[in-house]
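The values are calculated or read from the model by the stated rules, or taken from the named source; none is laboratory data. Note that the structure is a prediction, hence the values are computed from the model and not measured. Note: ideal-geometry Cβ built from the backbone for every residue, glycine included; neighbour counts use all protein chains shown. Please note that ligands, DNA and RNA were not included when accessible areas were found on the heavy atoms of the full protein model with its side chains. Shrake-Rupley method; radii C 1.70, N 1.55, O 1.52, S 1.80 Å.
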Amino acid sequence: MKTYIIGVDLGGTNIKAALFDRGFNAIGELSVPTEASLGPAHVLSRIRLSVQQLTADKGIPL
């Protein structure tokens with residue numbers, strides 16, 4: 001089973017997520033609006049969905 005690294009940058013405007021292999025080569029990345037005005041639970045949901053989308057787009061199971 002391969003190992004991957006996921007990095008998340010939570011900003012006031014955007015959530016940026018990136019997927020890397022063990023050599024820290026970028027495999028994929030995405031950016032979505034944070035929508036912070038909708039509350040902390042919504043922001044956490046956006047982070048979760050971002051990670052799920054990023055891994056699904058590359059065919060990597062969580």
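Suppose R0 equals 22 Å. What FRET efficiency, 1/(1 + (r/R0)^6) with r the Cβ-Cβ distance, do K2 and A56 give to the nearest 0.05? It comes to 0.90. Once the dipole of the chain is set up with Lys and Arg at +1 and Asp and Glu at -1 on Cβ about the Cα centre, which of G23, L44, G11 lies farthest towards its positive end? The one lying farthest along the dipole's positive direction is G23. Of the chymotrypsin sites (Phe, Trp or Tyr not before Pro) found in the chain, those that fall in a DSSP loop while having at most 10 other beta-carbon atoms within 10 Å are F24. Only helical runs count toward this figure. For the chain, summing -39,500 (n - 2.57) over DSSP H runs of n ≥ 4 and dividing by all residues gives -10000 deg cm²/dmol at 222 nm. From the Kirkwood radius over Cα pairs of the chain, Stokes-Einstein at 10 °C and 1.306 mPa s returns a whole-number translational diffusion coefficient of 132 µm²/s. Calculated accessible area for the chain comes out at 69 Å² per residue, all protein chains present (probe 1.4 Å; ligands, DNA, RNA ignored). For the chain, the longest principal axis of the alpha carbon atoms and the long axis of helix 40-57 meet at an angle near 30°.
Share of the chain's accessible area from carbon and sulfur, percent, 1.4 Å? It would help to have the intermediate numbers written out before the result.
On the way: 2420 of 4290 Å².
With neighbouring chains kept in place, the figure for the chain is 57 percent.
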